[in-house]
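Beneath this line is the structure, given in structure tokens, with notes to follow.
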Amino acid sequence: MTAIETFKSLHVPGDPLILFNIWDAGSAKAVADAGAKAIATGSYGVAEAQGFADGEGFPLSAVLSNLERIVSVTDLPISIDMEAGYGTSPEQVAESVSAAKNAGAAGINLEDRMPGLDTLTAIGEQVARVAAAAETGLFVNARCDLLRGQPPESHGPKLADQAIERAKAYADAGAGGVFVPFTTNRTCIAAICERSPIPVNIIWTPAAAGGFADPSELANLGVARISHGHRPWAAAMAWLADEAKAVFAGGVPSYDAD
């Protein structure tokens, strides 16, 4: 079984693949050694770790170099967040995604919102972009940003219907999964999972932020993939800043207690 086939097989509704998103080879090795079944980057952490802004501010050449270093430290399937596909046309998207495949990726994330824009790409145009990416043979996790910026209590039947419309269109274009981030509304998640023709990816939100107490809650809703997004990178940076502050204030780092 190829890495792409293995990655696809891990997307099981009710038994979700857990992706604790990484940003470089070192974090990839740490997460792989911890027992991950697959590795996935998050564009925000990848860009910020190198001093760039998210939103395709991190050059594609650097994205691919980073991917090659990640590939060198693990045999696990690797999915990379390619944001909007690094291309203004389907042809350019195909070139960028093909380059990721050649560098060792098994899958990608592809957003339906162009960098710097708040409006979603029209379905017809996005279908062409998804199809171009899918034709490379990689597992395409087609992101649907309909719920971005909308409070969870507003995630009712209308938005669920719109998300399903996009999920079906992206599935027909060859996407292997649909990513619907920024919702903790259980009714909405369950409705999307029930009606989506392809596995559904939900981003993890901690209970303290109105999210979930346990991954089994999302599994019971039919979710097939749980991503942690930028949170692992943000938590690592927060820990680093706190340790540095303690040391510079004349104290000792917490690892001195180990």
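Only helical runs count toward this figure. For the chain, summing -39,500 (n - 2.57) over DSSP H runs of n ≥ 4 and dividing by all residues gives -13000 deg cm²/dmol at 222 nm.
Expressed as a whole percent, the accessible area of the range 104-215 that falls on carbon and sulfur atoms is 53 (1.4 Å probe). Taking packing as the residue-averaged number of other Cβ atoms within 10 angstrom, the listed peptides 235-241, 157-163, 103-109, 249-255 run from highest to lowest as 103-109, 157-163, 235-241, 249-255. In the chain, the longest principal axis of the Cα atoms and the axis of helix 90-102 are about 50 degrees apart. Annotation: amide H of Phe139 within the under-5 Å range of Gly107, Ile108, sequence separation 5 or more or interchain, hydrogens built in the peptide plane. Think of the range 96-135 as having a plus end and a minus end, set by charges on the Cβ of Lys, Arg, Asp and Glu; of Ala128, Ser96, Met114, Ser96 sits farthest toward the positive end of this dipole. Charge dipole of the range 161-258 (Cα centre as origin; +1 on each Lys and Arg Cβ, -1 on each Asp and Glu Cβ, all else neutral): 320 debye, rounded to the nearest 20. Between Glu194 and Glu91, the modelled label-to-label distance comes to 4.5 nm, taking each label 7 Å out from Cα in the direction of the beta carbon.
Between amide H atoms placed 1.01 Å from N, distances below 5 Å from Ala84 occur with Glu111, all of them 5 or more places distant or on a separate chain. For Gln126, the shell of other residues with beta-carbons less than 13 Å away shows a net charge of -1, using +1 for Lys and Arg and -1 for Asp and Glu.
Placing +1 at every Lys and Arg Cβ and -1 at every Asp and Glu Cβ, with all other atoms neutral, what dipole size does the range 202-258 have around its Cα centre, in debye to the nearest 20?
Working: 3 positive and 6 negative charges, 56 e Å.
Computed about the Cα centre, the dipole is about 260 debye.
Here the chain is assigned +1 on the Cβ of each Lys and Arg and -1 on the Cβ of each Asp and Glu. Its dipole about the Cα centre then comes out at about 380 debye. For Lys158, a cut-off of 19 angstrom between C-alpha atoms picks up these lysines, skipping any fewer than 8 places away in its own chain: Lys168. Accessible surface calculations at 1.4 Å, restricted to protein heavy atoms, place the chain at 45 Å² per residue. Of the accessible area of the range 219-258, computed with a 1.4 Å probe over protein heavy atoms only, carbon and sulfur atoms account for 62 percent.
Taking the charge dipole of the chain about its Cα centre, with +1 at Lys and Arg Cβ atoms and -1 at Asp and Glu Cβ atoms, the residue from Ala234, Ala244, Ser79 reaching farthest to the positive side is Ser79.
The values are calculated or read from the model by the stated rules, or taken from the named source; none is laboratory data. Quantities reported herein were computed from a predicted structural model and do not represent experimental measurements. Glycine gets a Cβ as well: all are built from the backbone with ideal geometry, and neighbour counts include every protein chain shown. Calculation scope for accessible area: heavy atoms of the full protein, side chains included, ligands and nucleic acids excluded. Shrake-Rupley method; radii C 1.70, N 1.55, O 1.52, S 1.80 Å.
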